[in-house]
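Below is one structure, written out as structure tokens; comments come after it.
The values are calculated or read from the model by the stated rules, or taken from the named source; none is laboratory data. Note that the structure is a prediction, hence the values are computed from the model and not measured. Here Cβ is always computed from backbone atoms with ideal geometry, including for glycine, and neighbour counts include all displayed protein chains. Remember, those area values only see protein heavy atoms, side chains included, never the ligands or the DNA or RNA. Shrake-Rupley method; radii C 1.70, N 1.55, O 1.52, S 1.80 Å.
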Amino acid sequence: MNYTVQQIAAITNSHTIGDKDLVIKNIAFDSRIIYSTKNTAFIAVNTHKNSGEKFIEAAIDRGIDIIISEHHYPQFENITWIIVENSVNFLQKLARYHFENAALKSIGITGSNGKTILKEWLYQCLWNEFPTVKSPKSFNSQIGLPLSLLQINSTHQLGIFEAGISHPHEMEKLENIFHPQIGLLTHIGTAHAANFQSEEELIDEKIILFRHSEVIIYNGDNSLVDKKIKELYSSRKLISYGLKESNQISIKNHPSKDEKIIVKYFDEEISFPVHQRDEATLTNALALISVLKELQIDNQKIIEKINTLKAVEMRLEAIEGIKNNIVINDSFNLDLDSLKTALQFLKEYNKSKKSLVLTDIVGVNSNSKELYEEVSELVNEQQFDSVFLIGDEISKFKELFKSKIYTFISTQELIDSKHLTDIENQIILLKGARKFEIEKLKDILELRKHDTVLEINLNALLHNINYHKSLLKPGTKMMAMVKANAYGLGSYEISEFLQHHHIDYLGVAFADEGVELRKKGITTPIIVMNPEQHSYGAIIEYNLEPEIYSFRVLELFYEAVQKSGSDKKYPIHIKLETGMHRLGFKDFELDQLGEALSNKNLKVQSIFSHLSSSDMPEEKEFTLKQLEVFEKNSAYLIEKLGYAPLRHILNSSGITSYTNHQYDMVRIGIGMLGESPNSEIQKQLQSVVSFKTVISQISIVENGESVGYSRKYKPDHAAKIATIPVGYADGIPRLIGNQAGNLGVNKVLAPIVGNICMDMMMINVDHIPNVKEGDKVTIFNAQPSLKEFAGYCKTITYEVLTSISPRVKRIYIKD
Ligand SMILES: *Cc1c(COP(=O)(O)O)cnc(C)c1O
């Protein structure tokens, strides 16, 4: 969206206090996750449960200067207010106006299960066909849907939005603001049935969404749904899909595990690779195919797209367990339908013995005796060895179950009983309502395959980004440098997270890093610092933006742009040389550069340079000189160009030490990983990375014996030596062997003794009480810290991180 305060007030019949000409492009409703404050208004949403007005102050502290609220708080100065009668109605009115005036094709998804997964799948399949906008996460409520619709901007050609309801009359309100051209109805189950009189009432309510749809694609397996849609919407294009053969789109064969499925699409037969065979996945795949076909995507492309689908939060997760068990974790929700799906999923595995953990079913209206009779029938069919029931309600009906039955009041009671850890060589299904938190059982049952991990804490990363943002003016953009696999941490995972938090730009070193990100669905602008000549085609194809640092690169790249037939002004970034003497245009080249750019169909998106010593207080004079050259040369070039691209020069330590030179954008790298050369700043940052392993073995090495290759360590008295399964092939330099470096065990430093081996090393733990095999070992980042560890290695933190071998498993922690 893009409206002035005044326009918004007129659209929504609200009044304003303060500057009427400010532009609003985003509306934030959660003060904790405000990322960019530029052109952002905070809305204090009041619901019957909660008032957002208590967070107005926090939003203002974050730098917001436009507040939308039902009440005016004059104590906050220099704030522009939009005063609304009702915050939720306001959002809906604005979203309705915005949607009505947007010229894009839209898909509206509703149903009980599968909405979010289908939305994500559709997005992954369609984003590179059309500029696409979608609801974030599962934003589908009375507030979530309007916020999603407000994300539409003039570049989007397709919108994919979810509409969810949990009470009668809610769809009426959603349909009032959102008229999808293509309506998609997924499976209708009992998940939200609690507030509805009957299944019929629920169906009637959901299909209200399609009042204005031209095409309705629906799961026809439920005959009541099929009947209702045909009655109400006979004049529309109707497409039914589902596992029943009566659907227009269904599955022709009963494929075994490695066969392709053959889909009947009206009169056509198409075979598809779908690897999971549970009914929910197959049904969702049919829905996906139906929509893609409707959008005229050809079969070959659909097959390719399905092949690369990332399973988005597949509810059913199969994990390798301890004692040769397989654990199926479905602790997300529990109703009869999802129980059926989960039980069916078990059949995929050939383990003769099975156990089940099952909790009370919550939030359904039916008579509990009837409900649990049905549950027990389903369960008894499977002939479980043991069934663990958690909850008062289900425990009352334990007689109905035919296996060995154990009952517990809580998940903790089951954990304490230690029954689960006795199970061997079985498949264990964990199926529970969310409030029982049975995912805790997964932690106990899961086999830890990776003793050695690089743990990356994304919450800390966001904290560090926000800390750096807090030093900057609200409007300053931020580019995150994710070159070299995001400093070794995983460029896709980090970029995806940053994109979700609206980072303005991403920076990679080489084109293939950018292509990789695009292929996985990253749509944020990406700058390529080292555009190699052979990669210009890929750069243009994947809409990456090259750094142009010399006339040679400029001419060759422009040739490639012309060859590509692109008629838009292709975005490029001009690098100026200001003292680092690496890459860039020098001052005497600027006239010629202005000339060369003036007759090319290129758009200079930004002009930038790089500081060589922003982390060194002793080089302040030199840095100020660099900044001066940048100011002068960039201003000169802007004058030549006749328009003003973004300017940027600060890296992480530049942001903290030369904040005044932030220009329009800054480029954060090591700072977001929680590292600063300045000890005061360091205290404000949170540690993002930790490299951990466990002790494989402890031996007593006697006086006269030796440790490791070449007998480099010979203790002078009997010493406890621990062996660690990490070596130079994991990225630990050999030079920190022989007591040059330490690792942390139980928060105490233990010196590395002897030579470091390829896959192992030894540490002296003689001084550490109670140390035992299997204990955790910190390679870094606590005791020792990453900085200390880099010190042992006689290098900088950057090199330590980028040297960690890809074979070390990266694990991401979020929320
Ligand atoms: C890597 C890089 C940065 C980030 O540097 P940090 O010191 O990690 O903040 C910024 N700009 C350019 C051009 C870079 O290559």
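The helix-based estimate of mean residue ellipticity at 222 nm for the chain, built from -39,500 (n - 2.57) per DSSP H run of four or more residues and divided by its residue count, is -9000 deg cm²/dmol to the nearest 500.
Residues ASP567, ASP385, ASP512, ordered by accessible area of protein heavy atoms at a 1.4 angstrom probe radius and largest first, appear as ASP567, ASP512, ASP385. Share of carbon and sulfur in the accessible area of region 3-90 stands at 47%, probe radius 1.4 Å. Kirkwood analysis of the Cα pair distances in region 583-623 returns a hydrodynamic radius of 12.8 Å.
Expressed as a whole percent, the accessible surface of region 641-690 that belongs to carbon and sulfur atoms is 43, based on a 1.4 Å probe. Distance between the pseudo-spin-label points of PHE622 and SER696 (7 Å out from Cα toward the beta carbon): 4.4 nm. With Cα atoms as the point set, the radius of gyration and Dmax of the chain evaluate to 30.0, 92 Å. The figure for TRP81 is an accessible area of roughly 0 square angstrom, using a 1.4 Å probe on the protein chains alone. Overall, the anisotropy analysis places region 326-445 in the rounded class: the square-rooted eigenvalues a ≥ b ≥ c of its C-alpha gyration tensor yield a/c less than 1.5.
Overall form of region 627-702: prolate. Here a/c, set by the Cα gyration tensor axes a ≥ b ≥ c, is 1.5 or more, and a/b is the larger of a/b and b/c.
Here the Kirkwood formula puts the hydrodynamic radius of region 102-308 at 17.2 Å, using every distinct Cα pair. The gain in end-to-end length when the ASP61 to ASP591 segment is fully stretched comes to 186.4 nm, 0.36 nm per residue minus the alpha carbon separation. The Kirkwood radius of region 455-683, taken over pairs of alpha-carbon atoms, gives through the Stokes-Einstein law at 4 °C and 1.567 mPa s a diffusion coefficient of 72 µm² s⁻¹.
Checking the a/c ratio against 1.5 first, then a/b against b/c, what shape does the Cα gyration tensor give for region 196-245? Each step should come with its number before you reach the end.
Details: a/c = 2.04, a/b = 1.10, b/c = 1.85.
Oblate is the answer for region 196-245, as a/c is 1.5 or above yet b/c matches or exceeds a/b.
The label point for TYR709 and the one for GLU680, both projected 7 Å from the Cα toward the Cβ, are 4.7 nm apart.
Compute and list, largest first, the equivalent-ellipsoid semi-axes of region 350-414 from the alpha carbon gyration tensor, each √(5λ) rounded to a whole angstrom.
The answer is 19, 15, 10 Å, longest axis first.
Among the GluC sites (Glu not before Pro) found in region 379-461, those both in a DSSP coil and sparsely packed, with 12 or fewer other Cβ atoms within 10 Å of their Cβ, are GLU424.
What pairs in LYS105/LYS435; LYS477/LYS520; LYS20/LYS473; LYS38/LYS305; LYS396/LYS435 have C-alpha atoms more than 29 Å from each other? Mind showing how you got there, number by number?
Details: LYS105/LYS435 39 Å; LYS477/LYS520 24 Å; LYS20/LYS473 21 Å; LYS38/LYS305 36 Å; LYS396/LYS435 19 Å.
Those over the limit are LYS105/LYS435; LYS38/LYS305.
Please compute one quarter of the surface area of the Cα convex hull for region 527-653 and express it in square nanometres. The directionally averaged projection comes out at 7.7 nm².
Largest first and in whole Å, the equivalent-ellipsoid semi-axes of region 3-90 read 17, 16, 12, each the square root of five times a Cα gyration tensor eigenvalue.
Taking every alpha-carbon pair in region 689-813 and binning the separations at 10 Å intervals from zero gives 14, 49, 31, 6, 0 percent. Across the protein chains, with a 1.4 Å probe defining accessible surface, the residues GLU170, GLU77 rank GLU77, GLU170 from largest area downward. Under 19 Å from a label point set 7 Å out along the Cα-to-Cβ vector of SER564, the amide N atoms of region 581-602 belong to 597-602. Estimated from the Cβ-Cβ distance and a Förster radius of 22 angstrom, the FRET efficiency linking VAL362 and SER51 is about 0.20.
Candidate membrane-span-like segments in the chain, meaning DSSP H helices with Cα atoms spread over at least 15 Å of their own axis and a Kyte-Doolittle mean of 0.5 or above, are 279-294, 336-346, with no membrane implied. Take the Cβ atoms of ASN530 and ASP30, set R0 to 51 Å, and the FRET efficiency comes out at 0.85. Note on LYS586: aspartates and glutamates with a C-alpha under 12 Å away, same-chain residues under 8 apart excluded, are GLU577. Compared with the direct C-alpha span, the chain from ARG434 to ARG211 gains 76.9 nm at full extension, assuming 0.36 nm per residue. The length gained by stretching the chain between SER235 and LYS301 to full extension, at 0.36 nm per residue less their Cα-Cα distance, is 20.7 nm.
If you model region 581-652 as an ellipsoid using its alpha carbon gyration tensor, with each semi-axis the square root of five times an eigenvalue, the axes come out at 26, 12, 10 Å, biggest first. Taking chymotrypsin sites (Phe, Trp or Tyr not before Pro) across region 642-672, the ones in a DSSP loop with at most 11 further Cβ atoms lying within 10 angstrom of their Cβ are TYR643.
FRET efficiency for the pair LYS776 and GLU631, taken as 1/(1 + (r/R0)^6) with r the Cβ-Cβ distance and R0 = 41 Å, rounds to 0.25. The residues of the chain have, on average, 45 Å² of accessible surface per residue, using a 1.4 Å probe with all protein chains present. Across region 406-414, coupling constants 3J(HN,Hα) worked out from phi with the 6.51/-1.76/1.60 Karplus curve, θ = phi - 60°, read 10, 10, 9, 7, 9, 4, 4, 4, 5 Hz, and Gly and Pro carry x.
Computed with a 1.4 Å probe over protein heavy atoms only, the accessible area of MET580 comes to about 70 Å². Judged by the mean number of other Cβ atoms found within 10 Å, the most tightly packed of the peptides 11-19, 624-632 leads the ranking 624-632, 11-19.
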